[in-house]
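Everything below concerns the one structure shown next.
The values are calculated or read from the model by the stated rules, or taken from the named source; none is laboratory data. On a predicted model such as this, the values are computed, not experimentally measured, just so you know. Cβ placement follows ideal geometry from the backbone for every residue including glycine, while neighbour counts extend to all protein chains displayed. Ligands, DNA and RNA are stripped out before the accessible areas are found, and what is left, the full protein with its side chains, is counted by its heavy atoms. Shrake-Rupley method; radii C 1.70, N 1.55, O 1.52, S 1.80 Å.
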Amino acid sequence: MSPPRHLIIGGGLAGALLAVLLARRGHRVDVFERRADQRVRGYEGGRSINLALARRGLAVLQDAGLGEAVLQRAVPMRGRQVHPLDGEPSFLPYSRNDAECIWSVHRGRLNHLLLDAAEAAGARVHFHHRLGLVDFDARRAEIIDERDRRVRWIDFDALLGADGAGSALRNAMQGHADLHPEIAPLDHGYKELEIPPLPGGGFRIEREALHIWPRGGYMLIALPNTEGTFTVTLFLPHKGRMPNFEDIETAAQARAFFQQAFPDALALMPAFEEGWIGHPTSSLATLRLRHWHLDHRAVLVGDAAHAMVPFHGQGMNCAFEDVAALDRLLVAHDDRAEAFAAFEAERKPNAEAIQTMALENYVEMRTSVDDAQWRLQRALELCLAERHPGRFVPRYSMVSFTRTPYALAFERGQWQRALLVDATRGIDDLAQVDLATVDARIIAELAPLAAESPEPPL
Ligand code: FAD
Ligand code: E1W
């Protein structure tokens, strides 16, 4: 008998990593990727688009033996650099001891590295090939060559959908499974810009930080790249109350808006107008499905299963956790349908939790930073985190610096927030907090967080 044939749809971050793991298990793996092979031309001509890699995503890469290679070209971000409209920027470290940071990685280079590893493991990657229709009864997939529109029908045992938020496999599965998609579009969109290096090379703003310009109804962020550039992203409502994308019709109007809202950032972008005109305004949404798989024949991972808004920087990290879980469960279950069902049962509550936390973090990032009560709660949070290490861990830290399942981080975060609100009600200074009572409640009601451990043994 020939080994089961796995077709992975999409050679992005999740698809390429899934190909590495499945091919190493000896599976027959073919990846179909709609775009061209970005490795051919190299990245020198392309733009730098970066992503924050957190502990949980890095842990998956390390387990796959790829951690070192990724970190070599990553920039550590040790905290937030907050840029108020008037006044000096202030740096808020992510952790006191500097042990914890997130990493800015280049999306193209990371994808490149994963595709190389997939091919080295024996997976075949077919670029310019997109999934069209699927005949689930005959177990044949229509694969279209984007260059000449030629169509081939390819037999499969399992289809693995890593084809992103607009998943073609998800659409094909719709007719056969009650996926029940719910799409919640965000009324804010985004546009990417770039801060170039200084003329002699070197960074124009603090290198090892995630920069945030919170402005209440909208915000700007910037993440560092290794070459001295920063990728800047403006998040702004599409329409409605000013300012919004719809009412900014010309590059001159965009400059005037930045001059008012982000004058210091504008001064760092000599080619502002080119960037504004050259880059599209894109949309964001949360996608929830009732089911992620069709018996033993198809399963969705990453954005295809659970696209989220980017405000926690966790979409890729969550997708990597998905891939590790699917790989582990395919080994643990002889029956593929059981493995897919176990995967969905394990990951869906966690994906839903990070989707919610990502939405909440947008409000927090763009507004609360300026609120006195919010700052008092953050100060108490840091104080309690120090008094109860491994027990009272801020939600941001559980998500970014531990492998605590998202659903558990969400639940503990709710409890902790209620405590912070309670303990700071009616006071305006940390010294007024009744620490004895707060400590007692934490010890009585909040169990220590499980120590970090590797994935369950196989
Ligand atoms: P994708 O990376 O989208 O890959 C899908 C692949 O499938 C693509 O290569 C596509 O070409 C291919 N494809 C699509 N349709 C077909 C088809 N029919 N046939 C064949 N191939 C197809 N996450 C983080 O962890 N940290 C961050 O800091 C972060 N920042 C973000 C900032 C922004 C502005 C946005 C929008 C997202 C951000 N994310 C971040 C989320 C992250 O980009 C995604 O969660 C991640 O890329 C999901 O990986 P994926 O492989 O599921 O999908
Ligand atoms: C991270 C696009 C993006 C990516 C991110 C983050 C944010 C805000 C955004 C969340 C964060 C790294 N965040 N940062 N500081 N506090 N929360 O941690 O990835 Cl908008």
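Highest first, please rank the peptides 65-72, 180-187, 53-60 by the mean number of other Cβ atoms sitting within 10 Å of their residues.
Numbers: 65-72: 14.4, 180-187: 12.4, 53-60: 23.2.
Ranking the peptides 65-72, 180-187, 53-60 by packing returns 53-60, 65-72, 180-187.
Between D148 and D86, what length comes free when the chain is fully extended (0.36 nm per residue of separation minus the Cα-Cα distance, one decimal in nm)? Intermediate results must be reported in sequence, preceding the final value.
Values: separation 62, 0.36 × 62 = 22.32 nm, distance 5.57 nm.
Extra length from D148 to D86 when fully extended: 16.7 nm.
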Cα-based Kirkwood hydrodynamic radius, the stretch 187-278, one decimal, Å: 13.5
Give the separation of the Cα centroids, the stretch 112-175 to the stretch 216-249, in Å. 34
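If you average the sequence gap of Cα pairs under 8 Å that are 6 or more apart and divide by the length of the stretch 136-271, what percent do you get for the contact order?
On the way: 154 pairs, mean separation 22.4, N = 136.
RCO, the stretch 136-271: 16 percent.
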For the chain, what is the relative contact order in percent, using Cα pairs closer than 8 Å and at least 6 residues apart in sequence? 17
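Could you sort 241-251, 100-110, 357-367 so that the peptide with the highest average Cβ count within 10 Å comes first and the rest follow in order? Intermediate values should be presented prior to the final figure.
Numbers: 241-251: 14.5, 100-110: 22.0, 357-367: 18.0.
Ranking, from highest mean packing down: 100-110, 357-367, 241-251.
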Largest to smallest principal axis extent of the C-alpha atoms in the stretch 349-458, angstrom: 51, 32, 18
What does the convex hull of the Cα atoms of the chain come to per residue, in Å³, rounded to a whole number? 163
Given charges of +1 on the Cβ of Lys and Arg and -1 on the Cβ of Asp and Glu, with all other atoms neutral, how large is the dipole of the chain about its Cα centre, in debye to the nearest 20? 640
Give me a comma-separated list of calculated 3J(HN,Hα) values for the stretch 222-238, in order, Karplus coefficients 6.51, -1.76, 1.60 applied at θ = phi - 60°, integers in Hz, x for any Gly or Pro. 9, 10, x, 10, 4, 7, x, 8, 10, 8, 10, 10, 9, 10, 8, x, 5
Rounded to the nearest whole Å², what accessible area per residue is found for the chain with the 1.4 Å probe? 45
So what's the gap between the Cα centers of the stretch 310-345 and the stretch 46-91, to the nearest angstrom? 23
Could you list which residues have their amide H under 5 Å from that of L53, counting only those 5 or more apart in sequence or on another chain, with H placed in the peptide plane? W103, S104, V105
Can you compute 3J(HN,Hα) from phi for each residue in the stretch 157-172, using the Karplus curve 6.51 cos²θ - 1.76 cosθ + 1.60 with θ = phi - 60°, rounded to whole Hz and x for Gly and Pro? 8, 9, 9, 10, x, 10, 9, x, 4, x, 2, 6, 5, 4, 4, 5
